[in-house]
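The next block holds one structure in the form of structure tokens; read it before the comments.
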Amino acid sequence: MVCRGMMLMLHREGLIELPPVRYTPPNPMVQRSAPSVVDVDQTVLQTSLAGLGPLDVRQARRTPDEALFNSLLQQHHYLGYTQPVGEHLKYMVRAGDRPIACLAWSSAPRHLGSRDRFIGWCPKARLANIRLLAYNTRFLILPWIAVPHLASHLLGRVARRLSADWQGLYGHPIYFVETFVDPQRFAGTCYRAANWTHLGVTTGRGKDAPTQAPNRPIKNVPGLPLVKDFRQRLCEVAAA
């Protein structure tokens, strides 16, 4: 790929002439179709957390449950489904044989001012250890499920197993998790109830903004350490 890039650069500069392109293969990362609709029981379920009975919290990434997970997010989450880039996990929650919730996690953003100040790491440590953070990209409790305290309960359940599941799939643990909450839509109560800490707010510019002016909604940033010595672990830089 490096040689190909160099040859394309020389061609564009007029220093060499490459033969005409004969075939441009489709890019599956760009040309993705929406997840297929999977029908599920939408009978209203209104009960207490204890009334749900035992909950099955299952990692759906690379399993037969992944198509159902993607479909439910596409149909019922206000942001729809977007294929994560990089490392990611997907959790399906069932009560009996009924799916009731979905939680998606992916690699954390490279730069996030409020989080970086909270951790206290230097740029070199952040570059080395950003892989040890995860970002809760989607959290959906299906709209016909009405169970008080379910959201915070599930955040706690998944937080306790996330690092081990990440280790099993990607070969390294997770020490800190974060998410974004749009205050125009949500209060973030379930995160506070699950002991997440308010770290600050976003700048509203995105990672590649051409100016300092906000170009998207400003969001709250909750975070949760998964180990007590998270700062020590995340601020470590291996000796050269």
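The values are calculated or read from the model by the stated rules, or taken from the named source; none is laboratory data. Here the structure is a predicted model, which is why all the values come from computation and not from measurement. Cβ coordinates were reconstructed from backbone atoms using ideal geometry, including for glycine residues, and neighbour counts include every protein chain displayed.
Summed over the stretch 164-208, the residues that are under 24 Å from W121 (Cα atoms), aliphatic (A, V, I, L, M) and in contact (Cβ under 8 Å) with a residue 12 or more places away in the chain give a count of 5. For the stretch 1-23, the set of residues classified as surrounded by 10 or more Cβ atoms within 10 Å (Cβ to Cβ) and among the charged types (D, E, K, R) consists of R12 only.
Conditions (1) within 21 Å of L154 (Cβ to Cβ); (2) modelled with pLDDT under 95; (3) small (G, A, S), marked per residue:
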| residue | (1), (2), (3) |
| --- | --- |
| P25 | no, yes, no |
| Q31 | no, yes, no |
| Q46 | yes, no, no |
| D65 | yes, yes, no |
| F69 | yes, no, no |
| Y78 | yes, yes, no |
| H88 | yes, no, no |
| Y91 | yes, no, no |
| G96 | yes, yes, yes |
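Filtered by the rule that a residue be in contact (Cβ under 8 Å) with a residue 60 or more places away in the chain and surrounded by 13 or more Cβ atoms within 10 Å (Cβ to Cβ), the stretch 41-62 gives L45, T47, L49, L52, L55, V57, Q59, R61.
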